1. Starting from residues that are among the small types (Gly, Ala, Ser) and assigned to a loop (DSSP other than H, G, I, E, B), keep the ones in the range 12-42 and report whichever is modelled with the lowest pLDDT.
2. Restricted to the range 206-242, and to residues that are among the basic types (Lys, Arg) and part of a helix (DSSP H, G or I), which residue is surrounded by the most Cβ atoms within 10 Å (Cβ to Cβ)?
3. Regarding the range 93-106, can at least one residue be identified that is under 27 Å from Tyr242 (Cβ atoms), surrounded by fewer than 22 Cβ atoms within 10 Å (Cβ to Cβ), of a type in the set (Asp, Glu) and in contact (Cβ under 8 Å) with a residue 40 or more places away in the chain?
4. Go through the residues of the range 93-111 one by one and say whether even a single one is modelled with pLDDT of 95 or more, touching an Asp or Glu at 6+ places or on another chain (Cβ under 6 Å), farther than 16 Å from Leu125 by Cβ and not in a helix (DSSP H, G or I).
5. From the list Thr198, Thr182, pick out the single residue that is surrounded by 13 or more Cβ atoms within 10 Å (Cβ to Cβ) and either in contact (Cβ under 8 Å) with a residue 60 or more places away in the chain or in a helix (DSSP H, G or I) (or both).
6. Out of Lys67, Lys9, which single residue is touching a residue at least 40 places away in the same chain (Cβ under 8 Å), under 23 Å from Val170 (Cα atoms), charged (D, E, K, R) and in a loop (DSSP other than H, G, I, E, B)?
Amino acid sequence: MRIIISPAKKMNVDTDSLPQQGLPVFLSKTKILLQELQNKDLPELKKLWKCSDKLAQTSFEQLWKIKLEGVLTPAILAYDGIQYQHMAPAVFNDQELLYIQNHLRILSGFYGVVRPMDGVSPYRLEMQAKLAVQESRDLYDFWGDSIANELFSQTDTIINLASQEYSRCVSRYLKEGIRMITCTFGEEIDEKVIEKGTLCKMARGEMVRFMAENQIEQPEKLREFSRIGYCFSEKYSDSTNYVFLKVK
């Protein structure tokens, strides 16, 4: 079983709290992306990143400081979005850290797929960015089925806690014998399940923590999740979509 999650835009540098264990598997492809980004000027990158002048300048300077090898921040500490704050990896015990290293995978537009303890550097590159690389028209084309095949070589069961922007790198390449279960966190409004961005991110982080704390190995055990007001809904769930509703 592999759990997939999205990265976060905000990133930290922390080379002291946890030991780095290896590097991302697709580092050779990351080097190609880095070179492509470094060949662009600030206005081009600002358009690509779709961000403010201040963020573009900071990210541009960061681009020339990136180290892809050496002493780096373990990915699970590098990303600092809402999902990661609710996962709270800094307070995992050794058993929980081992669990996420074995089961959790972070999808990335820059690195492809990352294990929690892989060393990474701060970067800015979302998967949906319109970056043409070599013969590829965008990052989805550039990564192709490589991310999915890397995951499928490790397991036949994917627990999807990633946003659609990232999960499509896997879902579009599903093949016979591979099961992908998407976890949906929402509210029931007029007989429909409505998701709210911030709450979804919080719940995804809480789900990873729940799985690590309970050493979950069977997907069906996810139905026992009951945190920050969410509970499993038999009504809206099926074999490929586990729906958790906010209790009013």
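1. Ser17
2. Arg209
3. yes
4. no
5. Thr182
6. None of the other options fit; the residue is Lys9.
The values are calculated or read from the model by the stated rules, or taken from the named source; none is laboratory data. Worth saying up front: this structure is predicted, and the values here are computed from it rather than measured. With ideal geometry, Cβ positions are generated from the backbone for all residues, glycine too; neighbour counts draw on all protein chains shown.
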